[in-house]
Amino acid sequence: MQIEQGQQQGARAEDYGQQQQQLIGGEFASPACKRFTLAELEAHSSEESCWVVHAGRVFDVTRFVRIHPGGEAVIVTRGGTDLGRLLSGPPHRHSSNAYRWLEQYCIGELDTRLGEELDGGSQQQEEQQRQRADASVVTPPGSECAEEVRRRNGSSVDRRQDTEELMYKTVSTDNDLVDWSKALLWQVGHLGDKYNEWVHQPVDRRIRLFESDFLEFWSKTAWYVIPLVWIPIIVYMGLSSYRGLQGNQIRVFTTFTDGGVNVSPDWFACLFTFGFFMWSLVEYSLHRFLFHLTPPAHSYLLITLHFLLHGQHHKSPFDGSRLVFPPVAAFFFVAPFYSWMLTMLPNAVTGSLMAGGISGYVIYDLMHYYLHYGAPSRGSYLYSLKAYHIKHHFEHQALGFGISSKLWDYPFRTLIPEETFEKSR
Ligand code: HEM
Ligand SMILES: [Zn+2]
Ligand SMILES: [Zn+2]
């Protein structure tokens, strides 16, 4: 069964290689072609239903506008219109993954004949055009919009847009390396050297990790579980550590100094703050040195583990069911770390530091969720963090490891360049 699945994956991987070749040549998958009139397009220009046109095709971006890292307004105000060259900036030169992302929302193409009529084209010209188009284009069911648009529009499609199209890669989950109708966890290990590229091409689709409903259910965590589980632990740890500092004569650094340093209850706030601050370094280190380790192509196990830990979040960055870290899994990180600290420091000191550290963790996890799903107002600190983190997902996977702050990206020199548009010109 396993071998059979492996062979299927192998065959898919080969097809994928060929597919990528074709895609570089400009082919990309789209849904069956449907034509929309300008009037239909214009009727979808609000937050509730937002359609846009790009390179002759129509995209229903309603579900994306709220979470767009450049803000909701920039898309909604252009709802029902052609985006023209906006995607290549300014204000922002979009990544190739952003173009791929847009592909997922393609619902058809714009009926340009009507557009030209509305633009004042004469009846005769319009009729000639219609005849030309009808002679050259048959719309078989299931044909791909993009291919058709290119064929019909020929040289009329802007050259620059053509170049943009070359950046597209398939986002069709029906034609992917993995079978999306089945659980993904046991499939990804077979992707071998294709895994790394595949996992960094995000899709707007929920992931099923396990075949078993029981495991699937327990692998998901709603965001509010994080404060519900951890805040009582923080309060308990904090209070008991503070009492511990009050009740006992606690001394630290006894091995380095004569008699050690006395820790009074006043130290609690400093220890808590230090633990909170140290969390940001742990956050950076885990994200950079563990979650972003590239698993060896031949290791089924390590690829699977990588996917479970972080890969699935990169593949499906807006799958809210697995955006925060499950508390049971977190205990496996916290417990050994806590025990190790206890070997060096008194209980009350360790507890105070841990209470601060876990508070930092809770804030990080909730912020991470908000950066994906929230719509912070333009110019705010959270807006800049959201844009920063989404760039880590879409374009700079080897940079921008700080999530709740960019702090540690400075000394470790992994800061994402401010605005790639100016620099790339
Ligand atoms: C509807 C199609 C659009 C899609 C799918 C889209 C997607 C994205 C994505 C994925 C990013 C993250 C960075 C990247 O990967 O490039 C982004 C950032 C951004 N987008 Fe869009 N976008 C769209 C339309 C627009 C429009 C029409 C504008 C402006 C007129 C715009 C302005 C921006 C800005 C300014 C940022 C960067 C935020 C920052 O760095 O401050 N986007 N977009
Ligand atoms: Zn990451
Ligand atoms: Zn993320």
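The values are calculated or read from the model by the stated rules, or taken from the named source; none is laboratory data. Nothing here was measured: the structure is a model prediction, and the numbers come from that model. Every residue, glycine as well, gets a Cβ built from its backbone with ideal geometry; the counts of neighbours run over all protein chains shown.
If you go through the stretch 279-308 and keep only what is within 22 Å of the chain's Cα centre (by Cα), outside any helix (DSSP H, G or I) and more than 23 Å from residue 406 (Cα to Cα), you end up with just 295. So, residue 400, is that one under 30 Å from residue 207 (Cα atoms), within 16 Å of ligand 1 (Cβ to nearest atom) and of a type in the set (Gly, Ala, Ser) or not? For residue 400, the condition - under 30 Å from residue 207 (Cα atoms), within 16 Å of ligand 1 (Cβ to nearest atom) and of a type in the set (Gly, Ala, Ser) - is met. Filtering the stretch 56-96 to residues that are modelled with pLDDT under 95, surrounded by 17 or more Cβ atoms within 10 Å (Cβ to Cβ) and polar (S, T, N, Q) leaves 88, 95. In the set (1) more than 13 Å from ligand 3 (Cβ to nearest atom); (2) crowded, with 18+ Cβ neighbours inside 10 Å; (3) not basic (Lys, Arg), residue 377 fails one condition alone, (2).
Sort out for me the strands (runs of 3 or more DSSP E) sitting completely within the stretch 46-112 that have 3 or more residues that are farther than 21 Å from residue 372 by Cβ and touching a Phe, Trp or Tyr at 6+ places or on another chain (Cβ under 7 Å).
Working: elements: 51-54, 57-60, 106-110.
In the stretch 46-112, the matching strands (runs of 3 or more DSSP E) lie at 106-110.
When you check residue 392 against the structure, is it within 30 Å of residue 215 (Cβ to Cβ), within 22 Å of the chain's Cα centre (by Cα), more than 16 Å from ligand 1 (Cβ to nearest atom) and crowded, with 19+ Cβ neighbours inside 10 Å, yes or no? Full working, then the answer.
Details: within 30 Å of residue 215 (Cβ to Cβ): yes; within 22 Å of the chain's Cα centre (by Cα): yes; more than 16 Å from ligand 1 (Cβ to nearest atom): no; crowded, with 19+ Cβ neighbours inside 10 Å: yes.
No: the conditions fail for residue 392.
Residue 302 meets the conditions (1) loosely packed, with under 14 Cβ neighbours inside 10 Å; (2) more than 16 Å from ligand 2 (Cβ to nearest atom) in every case but one. The failed one is (1). Determine, yes or no, whether residue 351 is buried (at least 16 other Cβ atoms within 10 Å of the Cβ) and on the phi > 0 side of the Ramachandran plot. Considered against the rule, which asks whether it is buried (at least 16 other Cβ atoms within 10 Å of the Cβ) and on the phi > 0 side of the Ramachandran plot, residue 351 comes out as no. The criterion of at least 2 residues that are within 16 Å of ligand 2 (Cβ to nearest atom) is met by the following helices (runs of 4 or more DSSP H) wholly inside the stretch 309-395: 312-315, 347-373, 381-394.
Could you check how many residues of the stretch 286-299 are within 13 Å of ligand 2 (Cβ to nearest atom) and in contact (Cβ under 8 Å) with a residue 60 or more places away in the chain? Can you show your working first?
Here is the first cut: in the stretch 286-299, the ones within 13 Å of ligand 2 (Cβ to nearest atom) are 286-294.
Still in the running and in contact (Cβ under 8 Å) with a residue 60 or more places away in the chain: 287-288, 292, 294.
Final tally of qualifying residues: 4.
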